[in-house]
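In what follows, a single structure is set out as structure tokens and then discussed.
Values quoted throughout were computed directly from the atomic coordinates according to the rules given, and no laboratory measurement underlies them. Here the structure is a predicted model, which means the values were calculated and not measured. Heads up, the Cβs are rebuilt from the backbone with ideal geometry, glycines too, and the neighbour counts pull from every protein chain shown.
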Amino acid sequence: MKRTFTALLLSTVAAVAAAQHQHHAPATTPAAQAASTDFAEGEVRKVDKAAGKVIIKHGEIRSVNMGPMTMMFDVKSPALLDKVVAGDKVKFRVEEIKGDYVVTAIEKAK
Ligand SMILES: [Cu+2]
């Protein structure tokens, strides 16, 4: 009995550890959905307008349950990248669209 419990406990710990590493897991809670219009803060590292991608060092993004990191995002429209260049501090909105994290709005932070 004790051995069974220990095995169960270990598998639970492993599952939790795995979940914590999947920051890109879909946000499924109603609260996260409702917060999808929140703006996150970050700093642009690279703009690739031709590819429609931008690399942003960002803070916490509550709309998609993501902690701070530097990562590449798709953008909804390349035109969104007209007004930002590498080094800009920005506010931006991220939405999860078909499993990808997509920047749907971005503006220079004042
Ligand atoms: Cu991220």
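Let's see if you can work this out: charge +1 on each Lys and Arg Cβ, -1 on each Asp and Glu Cβ, no other charges. What is the dipole magnitude of segment 27-108 about its Cα centre, in debye to the nearest 20?
Details: 13 positive and 12 negative charges, 40 e Å.
Result for segment 27-108 is approximately 200 debye, rounded to the nearest 20.
Among the aspartates and glutamates, which fall within straight-line cross-link reach of residue 98, defined as a Cα-Cα distance under 16 Å, with same-chain neighbours fewer than 8 residues apart omitted?
Reachable aspartates and glutamates: 74.
Please report the equivalent ellipsoid semi-axes of segment 27-108, computed as sqrt(5 x eigenvalue) of the Cα gyration tensor, largest first, in whole Å. Kindly include the intermediate steps, with their values, before the conclusion.
Working: eigenvalues 82, 34, 22 Å².
One finds semi-axes of 20, 13, 10 Å for segment 27-108.
May I ask you to list the aspartates and glutamates whose Cα is less than 13 Å away from that of residue 110, ignoring any residue fewer than eight positions away on the same chain?
Hits, sequence-local ones excluded: 41, 43, 88.
Once the other residues with Cβ under 12 Å from the Cβ of residue 65 are scored (Lys, Arg +1; Asp, Glu -1), what is the net sum?
-2
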